[in-house]
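Working notes for the structure below.
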Amino acid sequence: MNSQNDPVRVMLADAWGSWAERGAALSAEDWDRPTRLPAWTVRELYTHVAPVQEMFTGLRDAVVDGPAEVTTGAGILRAYNRPGGIAHTAAGQVAEAAKEVAERTAPAVLIARFGVEGPAALAGIADLPPDATVAHPLLGSVRVGALGEVALMEATVHLLDLIAAVGGPPPPGAALDATRALLAEVADPVDFIEAATGRSARSVLPVIR
């Protein structure tokens, strides 16, 4: 698939555009409003989700030959969320990093990251196909498309956190559908099906931290 026609990248750019539009409409009081994530205000939530150019420029230098060890977004999420995985061990550091960056980053800068810089950086790797393999510091190697799936999920899940804090219309329907499908894929398929159909009382949720 040509990356310029990659639906995940199109949805990710649209999701970032939604963040930018909502941020431009926020008042000063809104930026300091707490969210349902106890660690973060709205500004800190924006800081955590905002794309940075280094996320993309580094991908080109990380391209390696051969098949990826992790090929799907669900595979990335399973690895991150297993007992002792980074979702558990680094959660405090991630929260503190967002707080520190938020203190020195103006809302206008955050809005530009979503509305201008992020989409431009994404377009800058348009020639890097979703099935390209890149080295990963924690997982060995992953498909570029898998990283995009996780980025879209993050942007969508946290957009729901933003909406819970300040209101506004729901995320784009396509992004919601993709995020739902990805999260369902993380769970063990038999456990998920049996729980979803009422055949088992075994807890399968949450699938990520």
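None of the figures in this text is laboratory data; all of them are computed from the coordinates on show. In this text the structure is predicted, and so the values were computed from the model without any measurement. Glycine gets a Cβ as well: all are built from the backbone with ideal geometry, and neighbour counts include every protein chain shown.
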So the helices (runs of 4 or more DSSP H) completely within region 6-108 holding 1 or more residues that are touching a Lys or Arg at 6+ places or on another chain (Cβ under 6 Å) and among the β-branched types (Val, Ile, Thr) are 42-49
Considering only residues that are crowded, with 16+ Cβ neighbours inside 10 Å, within 17 Å of the chain's Cα centre (by Cα) and more than 20 Å from Ala74 (Cα to Cα), which ones fall in region 164-195? Pro171, Pro172
Just to be sure I understand, how many residues within region 58-103 are touching a helix residue (DSSP H, G or I) at 6+ places or on another chain (Cβ under 7 Å), over 21 Å from Tyr46 (Cβ atoms) and not hydrophobic (A, V, I, L, M, F, W, C)? 8
Among (1) at positive phi; (2) within 13 Å of the chain's Cα centre (by Cα), the one test that Gly198 misses: (2)
Restricting attention to region 150-157, does a residue exist that is of a type outside the set (Gly, Ala, Ser), out of contact with any strand residue (DSSP E or B) (no Cβ under 9 Å at 6 or more places or on another chain) and more than 21 Å from Ala174 (Cβ to Cβ)? no
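Just give me the residues in region 116-148 being closer than 30 Å to Asp30 by Cβ and surrounded by 16 or more Cβ atoms within 10 Å (Cβ to Cβ), in sequence order.
Taking region 116-148 as the starting set, the residues that turn out to be closer than 30 Å to Asp30 by Cβ are 116-123, 148.
Result: Glu117, Gly118, Pro119, Ala121, Leu122, Gly148.
Over 16 Å from the mean Cα position of the chain (by Cα) and in contact (Cβ under 8 Å) with a residue 60 or more places away in the chain: is that true of His88 in this structure?
On the way: over 16 Å from the mean Cα position of the chain (by Cα): yes; in contact (Cβ under 8 Å) with a residue 60 or more places away in the chain: yes.
Judged against the criteria, His88 is a match.
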